[in-house]
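Everything on this sheet refers to the single structure shown next.
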Amino acid sequence: MTQIAGTGTLPAAAVPRGARHSRPRDSRSSRSPAKSILLHGTLIVASLIAIGPIVWVLLSSLKPGYAIQSSDLTLVKDPTLANYRYVLGETSFLRWFGNSVVVAAFTMAVGIFFSATTGYALSRFNFPGRRPLMMVFLVTQMFPVAILIVPIYTIMANLGLINTLPSLIIANLTIAVPFCAWMLKGYFDSIPTSLDEAASIDGCGPFATFWRVVLPLARPAIAVTAFYSFLTAWGEVAYASAFIQEDRKFTLAYGLQQFVPQFNPQWEYLTAAAVLVTVPAGIVFFFAQRHLVSGLTAGGTKG
Amino acid sequence: MRRIAKGIVVLASTTLALTLAACGGEEKAADEKPKTDPASLKAELTWWDTSDPKNEGPAFQELIAKFNQTYPNVKINYQSVPFGEAQNKFKTAAQAKTGAPDILRAEVAWVPEFASLGHLYALDGSELLADESDFLSTPLSSNKFDGKTYGVPQVTDSLALMYNKELFTKAGIAEAPKTWAELKTTAQTIKQKTGVDGLFVNPAGYFMLPFLYGEGGDLVDTQAKKIVVNSEKNVAGLNVAKDLIASGAAAKPPANDSYGTMMTLFKEKKVAMIINGPWEVSNVKNAPAFGGLENLGVAPVPAGSARAGAPVGGHNYVIWSGMPQEKVDAAVAFVKFMSSAESQAFLAEKLGLLPTRKSAYDVASVKSNPTISAFKPVVEAAVERPWIPEAGQFFGPLDQMATEVLIQGKDPKASLDAVANKYKSEVVTGYGL
Amino acid sequence: MTTVTADPAPAPAPAGRRPKQPSRLRRSWDKHWYAWAMVIPVVVVLAVLIFYPLVRGIYLSFTNLTEANQAAEICTRSITGSEVCKPNPNRWEFVGLDNYVRVLSGEVGEFWQWTAVTLIWTVACVVFHYGLGLGLAVMLNRPMWGRTLYRILLVLPWAVPAFVSAFAWKFIFNERFGLANSLLTAVGIDPVDWFGDWRTSLLTAIVTNIWLGVPFMMVALLGGMQTIPAELYEAAEIDGATPWQRFKNITLPGLRPVSMTVILLGTIWTFNMFPIIFLVTEGQPAGESEILVTGAYRAAFEGIRNYSLSSTYGVLILSILLVFSVFYRRMLRKQGEVW
């Protein structure tokens, strides 16, 4: 199933120029200075572009409201922390924060569990219904959500879930799981099946093989999908604005929208709240990204 | 889903919190004489308020507290819902028969729509309409659908010419222009003498209505069931607006966020005149560069060849038909309290909202309020809009038309014909062209 | 997690190691029950929440159902206690293919214009997402000074709620007060009316979406690179392969399963990406930068909501994406990939 086997066909004739070739897992010292500059230069430019608008949001959050949209473009104007004080003190921000954490954490945990089992089944077993199922997963992503909101609301209402956090968790899962299952299937595909077979010969059942052998090897993949599920739930607005009706049950992203009504939007509070929202997501990534580096070690060390 | 209905302008939110707010307002609801003991009324009601949560919300919550002094056992769950999403949110919930609020603050154009879908209680025969004649007739008319009345007006508003007095003085202009022609020369004089733009025209459907009304035009004729949006009168009106921009009298507007641009420029004194409503007064007042209310002039919109006219807007209180019958008494008591002359005077004083009751205008604090006095003639001359369930769909095509004509420079007649065709095929299919 | 110890056999290979079973169904069940058990919860949730509304949507697209005509009778409750119900005068009915004819002929909405814009939008976004994401992932996959810092900075755009980013970019492209025009003016170029022309208007939305979407691609591909066994690289190096050859012959093939997924799903999502166009360009000028979903939303959901029309658009969008994914799959199969 994997294409890696094909790499045996590497053209042996290609002659590298002596010292220039560096091992990918090699230390940084072997990179020539020119290459280093190019590499870091590119990454610095990319990072600047990435954080540029965020810096703008951060700077805006320190301005009084009237100075955010203005003819004279200034980076800093009458800096103040009043916006943060208002957001933290006068609104239900902390409650929304708690709600978002609950929704995002459950979406992440439940999403990973289901998509990992599903992805594994799709990757390893050629069961009847496998290909149609993968197609069905795709089709569920093809019908625009904007059009589905009203019928989904009716279903949620029939289940008695309107104005509850589980309604959001379930709705978020319908976005996250099909994608994560597909992703994980892709990652599982690149883990050699010989490992499963070895485990199976050792007497592991399919669940045990999955749990004890494959899952630990797929840590980087799990980290990616975990992060994806978390952020999907963290930033989701469409379902939240349809299903949630009480201020104390808002999620952060939806709560933030309350600051910017169509007329007389309070940009200063939106930006301050956005900064407060970005920080925890950044911290989650900081921890998740460690798993991105510690994937498969050489050879199939047994899990 | 955040629904941005640019056209259906939020007719909301004036926050004046005038400095003279210190006195008055303490007068108790004197003529509030419930037949039964108010304390015996027990219920829990949810109210979705679509007003500005920061500027206006607190005043409404104060009113609720006052209400609870008389009705201690009626609990009001106050929920602020952004205006932009309230319409679809209410309909979705009402249709699923779960989760809709008992009472909603609905924009004037929503009421016929909700009523036609059976989502509202008809209020005829209740205490709420006992003194119907006290309401201003134009705001009240937006609550009528198919011979019944489905809401009670909360606040009314309209569009006016708002101008910067300081820039007027600098340019040597004594009074606000009364016709579009005068507006043009005024704007050009200001540009010449002060260097800043004289006028900003927001290229959006709702803001085109004064130009269309000025020549005697309208969108549809509900009596004759006829689409009249592409009439010669409307073409003439649009040509007036187009000429204002083409001649340089008005600044060239951007296609996107033109409303925000208009307000920013006006607050920074970079444009002398705009056409906008009372809901922006507090915003202007709080702008540090503008110079406060003393610098803000308000006049009726200039007249065209036929008349001077601006669209009526505002908000109403409506009651969801899915609310159980046993809560009716409490809901009626609440709406009655909120729309009483005293409450309206309170809101006028606190927020500068324009009352919808004639008697509220007789209250001393309202009479002496300069902004309300300035807007009163504007509101009295406001033109009634077609109150049909489809009215909400009129503005999408109209916005598109405004961009085509004012920004892309297309021919008004051709653009209006396209709007008429769209109305015929998508909005009011039963009407004639 | 249940640990199954009783049944030692079932390896994925279907080779008949077991004695013959009584019935085919029984055999199939014995062999595959665990696979089915692994997927069933997901299938149930999706069937209830997505598949049922979707099938109903297909059905609705052949009717003229709207919010106003869906009920058999309209009841007016009076505050005084009575309730009057009248049969709905224009009850919904089947209209066959009318909706499709009206949409495809351009009588309602601007289907073909929206489709063209959607295609430009999707191709541009996906190409840049994947290209930039892959480039950054390759760079970040090497050990170097400051790698964690770069990773965090580059992924931050993903952590900001999308609608906040949309507003931030809208401010940047504001024609009067935006940073973009200030920079242009500073270097002596005339400011641009970004939203006055559909091409520049669409450009602002594409830039916003690229900025939003690259971090996800980067992280997904970075994860994919980590599952490529390191000894492949070592072996290649012993064979004397250049970095480019290693990238072409090891990294890219190793990323294939992941790439295939992110490109396929990225295309589907971008095609249906609602908030960016809706918030950043608002379809300006005059609806010319509208894509299919936003156009359909405005056409069907402003005022009285037209469920049959929105479903028609939904089915058309679904059909376009289905055709795309079938072709995509066929293309992949030609190169030896199956799914």
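The values are calculated or read from the model by the stated rules, or taken from the named source; none is laboratory data. Only a predicted model underlies this, so the values are computations on that prediction, with no experimental measurement involved. Here Cβ is always computed from backbone atoms with ideal geometry, including for glycine, and neighbour counts include all displayed protein chains. Note: accessible area is taken over every heavy atom of the protein model, side chains too, but ligands, DNA and RNA are not part of it. Shrake-Rupley method; radii C 1.70, N 1.55, O 1.52, S 1.80 Å.
What to note about this one:
- Solvent exposure, largest accessible area first (probe 1.4 Å, DNA, RNA and ligands not counted), of A:54, B:103: A:54, B:103
- Loop-located chymotrypsin sites (Phe, Trp or Tyr not before Pro) in segment C:264-306 (DSSP state not H, G, I, E or B) with no more than 15 neighbouring Cβ atoms inside 10 Å do not occur.
- Amide H contacts of residue B:250: B:245, each under 5 Å away and 5 or more positions distant or on a separate chain (H built 1.01 Å from N in the peptide plane; Pro and chain starts excluded).
- Placing unit charges on the Cβ atoms of the charged side chains and taking the dipole of segment C:20-93 about its Cα centre, the candidate lying farthest along the positive direction among C:55, C:42, C:25 is C:25.
- For segment A:227-240, putting each phi into the Karplus relation 6.51 cos²θ - 1.76 cosθ + 1.60 with θ = phi - 60° gives couplings of 5, 4, 4, 4, 6, 4, 6, 5, x, 5, 10, 4, 5, 4 Hz, in residue order, rounded to whole numbers and with x for Gly and Pro.
- Those trypsin sites (Lys or Arg not before Pro) in segment B:62-158 that DSSP places in a loop and that have at most 15 other beta carbons within 10 Å: B:97
- Distance between the 7 Å Cα→Cβ label points at residue B:44 and residue C:148: 4.9 nm.
- Sites excluded, GluC sites (Glu not before Pro) in DSSP loops with at most 16 other C-beta within 10 Å, longest stretch of chain C: C:108-336
- Backbone geometry of segment B:408-416 corresponds, through the Karplus equation with coefficients 6.51, -1.76 and 1.60 at θ = phi - 60°, to 3J(HN,Hα) couplings of 8, x, 6, 6, x, 4, 5, 5, 5 Hz, x marking Gly and Pro.
- If R0 is taken as 22 Å, the Cβ-Cβ distance between residue C:247 and residue C:335 corresponds to a FRET efficiency of 0.80.
- Residue pairs, from the table B:226/B:422; B:193/C:170; A:249/B:75, whose Cα atoms sit over 24 Å apart: B:193/C:170
- Amide hydrogen neighbours beyond the local backbone of residue B:145, cut-off 5 Å, H modeled: B:150
- R0 of 35 Å, Cβ-Cβ distance residue B:170-residue B:421: FRET efficiency to nearest 0.05: 0.15
- Using θ = phi - 60° and Karplus 6.51 cos²θ - 1.76 cosθ + 1.60, couplings along segment B:278-283 (whole Hz; Gly, Pro as x): x, 5, 9, 4, 5, 4
- Cβ-based charge dipole, segment C:105-334, positive-most Cα from C:286, C:163, C:150: C:150
- Accessible-area value, residue B:76, 1.4 Å probe, nucleic acids and ligands omitted, Å²: 20
- Between residue B:226 and B:221, B:432, the built amide H atoms are under 5 Å apart, and every one of these is 5 or more places off in sequence or on another chain.
- Order of exposure, largest accessible area first, which applies to A:38, C:203, C:154 with probe 1.4 Å: A:38, C:203, C:154
- Remark: spin-label model distance residue A:159-residue A:58 equals 4.0 nm, labels positioned 7 Å along the Cα→Cβ axis.
- With every protein chain in place and a 1.4 angstrom probe, the accessible-area ranking of A:94, B:354, largest first, reads A:94, B:354.
- Alpha-carbon centroid distance for the pair segment C:171-241 / segment B:118-144, whole angstrom: 56
- Two-site FRET efficiency, residue A:102 against residue B:61, from Cβ-Cβ distance with R₀ of 30 Å, rounded to 0.05: 0.60
- The figure for residue C:276 is an accessible area of roughly 0 square angstrom, using a 1.4 Å probe on the protein chains alone.
- Taken along the Cα-to-beta-carbon direction at a fixed 7 Å, the label points for residue A:32 and residue C:93 span 7.9 nm.
- For segment C:105-334, a crude dipole built from +1 on the beta carbon of Lys and Arg and -1 on the beta carbon of Asp and Glu, taken about the Cα centre, is about 740 debye to the nearest 20.
- Annotation: the antiparallel percentage among DSSP beta bridges lying fully within the protein assembly as shown is about 65.
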